[in-house]
1. Do you know the relative contact order of chain B, to the nearest whole percent, from alpha carbon pairs under 8 angstrom that are 6+ apart?
2. Let me check against my output: what whole-number percent is the relative contact order of the range A:1-159, with C-alpha pairs under 8 Å and at least 6 apart?
3. In terms of the Cα gyration tensor, with a ≥ b ≥ c the square roots of its eigenvalues, is the protein assembly as shown rounded because a/c is under 1.5, prolate because a/b exceeds b/c, or oblate?
4. So for chain B, taking the charge dipole from beta-carbon charges (+1 Lys/Arg, -1 Asp/Glu), which of B:ALA161, B:THR248, B:PHE231 sits furthest toward the positive end?
5. What angle do you read, to the nearest 10 degrees and between 0 and 90, between the alpha-carbon axis of helix B:123-132 and the longest principal axis of chain B?
6. Decide, for the range A:9-83, between rounded, prolate and oblate: order the square roots of the alpha carbon gyration tensor eigenvalues as a ≥ b ≥ c, take rounded if a/c falls under 1.5, and otherwise choose prolate if a/b is larger than b/c, else oblate.
7. First measure r as the distance between the Cβ atoms of B:ARG184 and B:TYR139, then evaluate 1/(1 + (r/R0)^6) with R0 = 25 Å and state the FRET efficiency to the nearest 0.05.
8. Based on the alpha-carbon set only, what is the convex hull volume of the range B:3-59 divided per residue, in Å³?
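What follows draws every value from the coordinates through simple rules; no lab data is involved. Computed from a prediction, not measured in an experiment: that's the story for all the values here. Virtual Cβ from ideal backbone geometry, glycine too; neighbours counted across all protein chains shown.
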Amino acid sequence: MTRLSSRSRGILTDLWLTAPATLGMIVLIFAPVLVVVVLSFTDYQFGARSFEWIGLENYATIFTDPIGQRAVVNTLIYVAVVMPASIVLALLVALGVHEASRWMPRLAAALRAAYFLPVAATLVAMATVWQMLLHPTLGPVNQALLALGLPGQDWLSDRGLVLYTLTIIGVWETVGYNMVLFLAGLAAIPHHLYDAADIDGANRSWERFWTVTWPMLGPTTLFVMVVTATRSFRVFEIVATLTDGGPAFASDTLVFAMYREGFVYFKAGYSSAITVVFLVFVLIFTLAQFRILESRVHYR
Amino acid sequence: MTARGLLGRTATLAVLCLGAAIVLIPFVWMISLSLKPAAEIFSPDFTLLPSQIAWQNYIKAFTEVPLHRFLLNGVIVCFGILFFQLLLAVPLAYALAVRDFKLRGLLFGLVLAGLLVPYHVTAVPLFLGLAELKLLNTYSALIIPFIASVFGIFLFRQYFAALPADLIDAARVDGLSETAIAWRIAFPNAWPAVTAFAIFSVVAHWNDLFWPLIAVSDRDLATPPRGVLYFRDEEAGSDVGPLMAAATVINAPLVLGFLLAQRRFIQGFTMSGLKG
C-alpha cells in the first residue's frame with residue numbers, strides 16, 4: 001500500500017463524507033429540476049419514443065386554456081383564503097393559550113394538544129371523515145343547519161362552493177401548526193418589556209399587545225407567513241381525496257393538475273410546465289415575503 | 001383579582017374551549033361512526049353515541065382490505081426512508097460543520113437551494129428514471145426519491161456546528177477517524193435534532209399520498225393513505241363504519257405518539273417549518 005500524504009488523505013476523507021449525499025442531492029433534486037424545465041418546452045408523453053420542441057406552447061395553454069387558468073386561479077384563491085384566516089385564528093388562539101398557561105397550565109396544555117391534533121393526524125383519512133361530516137343528507141353539518149332553519153348545502157358538489165369548502169378544511173389543518181409557531185414566539189418575549197410598557201402607562205391588554213407583543217412577534221409572523229404560503233400552495237391530498245378537482249374543474253389546483261395531466265393523461269411535457277409554474281409561484285412567494293417584510297420586521 | 005379580570009378570563013377560556021371543540025369534531029365523528037352499526041349510520045336522526053358498540057366494523061376493516069398490509073408498508077417505507085436519510089445526511093452535515101474544504105461554501109449553498117424545492121417538482125423526472133430502471137411498483141420506488149434530505153442535512157449541520165470544538169479535538173487526539181467522530185461523537189450529541197427530524201420525516205411520509213399515488217399501482221404496496229382510498233373507492237362509500245374504523249386505525253400510531261410525546265412532536269414540526 002502506498003503512503004498518502006496527510007493532505008491527500010484529508011481530501012479523500014472529505015470526499016468519502018460528502019460524496020454520497022451530494023450525489024443524492026444532484027440526482028434526486030437538482031438534475032430532476034433541470035429535466036422538468038427542459039421537458040416543459042416539449043410535447044413529450046410518457047411511453048412515447050420521441051418528442052417535439054414546442055417552445056412556450058405548454059405555458060400558453062396553462063394561462064389561456066380555461067382549465068389551465070382555473071388551476072392557477074383556484075390555487076391563488078385557496079392560498080388567499082387559507083393564509084390570512086389560519087394566521088389570524090392561530091395568533092388569537094396562541095394569545096389565549098399563552099395567557100391561560102399562566103393561571104391554568106394543565107388546561108392550556110390540553111387546549112394546545114387539541115388544536116394541534118389535526119397536524120399529527122393523517123390528512124387523507126381525516127378527509128374521508130370530512131366527506132361524512134359534509135354529506136348532503138346524512139352529514140351532521142347539514143343536519144345542524146336544518147335544525148337552525150337554514151338550508152343545507154352541497155358542500156363538495158356545488159361548483160361555486162366546493163373550493164371554499166376545501167379552504168375550511170385547509171384552515172382546520174393549518175391553525176394548530178401556526179399556533180405552535182406563535183406560541184414559541186410568545187414564549188421568547190422577555191417579560192421585562194411588559195414591565196417597561198407598564199411603567200410607560202401601557203397597561204391595558206390591547207395596549208400591551210400593540211406596543212410589545214406585536215412588534216416582538218415580527219420575525220415569527222414573517223416565518224409563519226412563508227411557511228403557510230408554501231404549505232397551502234401545495235394543496236393536493238384533500239383535492240385528490242374529496243373532489244378529484246371537480247365538479248367541472250371547480251376545485252382543480254396546480255399540484256392536482258400536475259398529477260392528473262402527467263400521471264392520469266400521461267402528458268409529461270404539459271405536466272412539467274405546470275410544475276415549473278408551481279415552483280416559480282412558490283419561489284416568488286418565499287422570496288418576496290422575505291424582501292417585503294424584512295424592512296418592516298423588528299429584529300432583536 | 002378584579003371581577004372584570006375574572007370575567008375576561010372566563011370569556012377567553014370559553015372561546016378557546018369552543019374553538020377546540022370545533023377542531024375536534026372530525027375526530028369525535030370518526031370514532032363515533034367507526035363504532036356504529038350500519039343501520040344507525042344511515043338513520044336520519046342525529047346521535048353522537050352508538051346505541052350498541054359495533055366492533056365488527058374494525059374486524060371488517062382488516063378483512064375486506066389488507067389493512068395490516070397497508071400499515072406494514074407504511075412502517076417499511078417510513079423507516080427505510082429515515083434510515084437512508086440519516087446515512088447520507090450525517091456525514092455531509094458533519095463535514096459542512098466541522099471540516100474545512102474547498103467546495104464547502106458551494107455545497108452549503110446547494111443545501112439551502114434544495115430547501116426551496118418542494119418535492120412535487122421532481123415527480124415527472126423521477127418517475128421516468130424509475131421506469132427506466134424498472135423500479136416502479138417496488139418499495140425502492142417509494143423510498144429512493146426521499147433519501148437525500150436537504151432539510152436533515154441543514155438541521156444536523158446547525159447542531160454539529162454548535163458542538164464544542166474541544167469535543168471533536170479530544171476525539172481526534174484519541175485517534176478516532178473522522179467517520180467515527182461523525183457517528184459516535186457528533187450524532188449522539190445532536191440527539192434532540194435527530195428525534196425531531198425522525199418525527200418530522202416519519203409523519204411526512206406516513207401521511208404522503210402524492211408520491212405513492214404515482215409510484216405504485218400494486219395494491220399490496222399501498223401505504224396507509226393510498227390504502228384508505230382503495231377502501232373507499234372499492235366500497236363506493238357504502239360501508240361507512242369499516243371505512244371509519246380503517247381511518248381510526250391509520251391515524252392511531254401518529255396521534256397516540258403525539259399525545260404521549262407532545263413536546264418532541266411539536267419540536268419536530270416547528271423545526272420542519274424551515275423546509276420551504
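1. 31 percent
2. Over the range A:1-159, the number comes to 7 percent.
3. It comes out oblate by the Cα gyration axes.
4. B:ALA161
5. For helix B:123-132, the angle is close to 80 degrees.
6. Judged from the Cα gyration tensor, the range A:9-83 comes out oblate (a/c at least 1.5, b/c at or above a/b).
7. That pair, B:ARG184 with B:TYR139, gives E of 0.25.
8. Convex hull volume per residue, Cα atoms: 106 Å³.
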